[in-house]
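See structure below.
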Amino acid sequence: METAMGVKKKQRTGYDYAMAVMKSIDDIKEEQKNDQKKKPMENEIKNNENDKNIAYTKLHYVRDDLDDIDENDIGEKRRLAFLEMMIDLKKNGEKMTDKEIWEEVNTIMFEGHDTTAAGSSFTLCALGNHQDIQARVHEELDTIFGDSDRQCTFQDTLEMKYLERVILESLRLFPPVPLIARKLNEDVQIITGDYILPKDATIVIPQFIVHRAEKYYPNPTVFNPDNFLPEKMQQRHYYAFIPFSAGPRSCVGRKYAMLKLKVLLSTILRNYRVISNVADDNFVLQADIILKRHDGFKIKLEPRKPVSRT
């Protein structure tokens, strides 16, 4: 809530919003099954929550007072939350209504909720199965943080090169959004065949299958972060990896999602070793709107540092 809304947990928990998101996802799934209209209650909760957060932030967000919060606890320049940035744009002449601000913030909040949870969960499960890869992640994080218990900073995330490759490989094998759909605005000629996709047709693109094409990924079912070495990425077609979609309709929260995943996973892995007893290829997958494990994300955590006994 704080990075998107600028609302700290001690001020608002965001519980109502989180519950509304999960219930809305359930409603969408039921709509797909039963072809019925979604219940408006959850959307109303969600709208009211965002309306209140926008009003709250506008009330407390006075541009001239930002000098008082220009730096965080370790001396870095404070970055504006997404909602604050939208309001700042409006104050500086950008023509944006509260409704448009709400829509932008809601896109970030709604699409980044379950997807980030699924992405981090699959990554932890994979690391639990590949202790050699996890050891390299631990080594990288120990180099960045040493024995410090300080919070992760934006600059720290830029140094997490190997963890980033691990995350990307997890998103390749287990994309949180396993397929996307596009409605064609015009007829499209398929260059690999003598046929045309007609205007107004809905085309489904299964990232889950695309990401496992042996043409682009040798041994495609094997978890291998080296698939995302710079030289390997340059050799592949740009659309061979599309967990966030691609083109003009790609996910606007891609960088935000990667930042959240790095902060979350690094915080866990600095302190714990992950253990999993279910191999990657034995995961029982469940594809609703978000890809999940039907058997649950079952892992064990062991402290990496000695636990003090009092």
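The values are calculated or read from the model by the stated rules, or taken from the named source; none is laboratory data. Every value quoted in this text rests on a predicted model; they were computed, and no experiment measured them. Neighbour counts are summed over all protein chains in view; Cβ atoms, including those assigned to glycine, are modelled from backbone coordinates with ideal geometry.
Quick rundown of the values:
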item	result
Qualifying positions in the stretch 192-211 - under 16 Å from Pro178 (Cβ atoms) and in contact with a Lys or Arg (Cβ under 8 Å, 6 or more places away or on another chain)	Ile203, Ile205, His211
Which listed residue is in contact with a Leu (Cβ under 7 Å, 6 or more places away or on another chain), surrounded by 14 or more Cβ atoms within 10 Å (Cβ to Cβ) and modelled with pLDDT of 95 or more, from Arg212, Arg293, Arg270	Arg270
Criterion: polar (S, T, N, Q) and touching a strand residue (DSSP E or B) at 6+ places or on another chain (Cβ under 7 Å) - qualifying residue of Ser245, Ser250	Ser245
Pair list, Cβ under 8 Å, 6 or more apart: the stretch 225-242 residue part of a helix (DSSP H, G or I), other residue acidic (Asp, Glu)	Pro225/Glu169; Asn227/Glu169; Phe228/Glu164; Phe228/Glu169; Lys232/Asp226
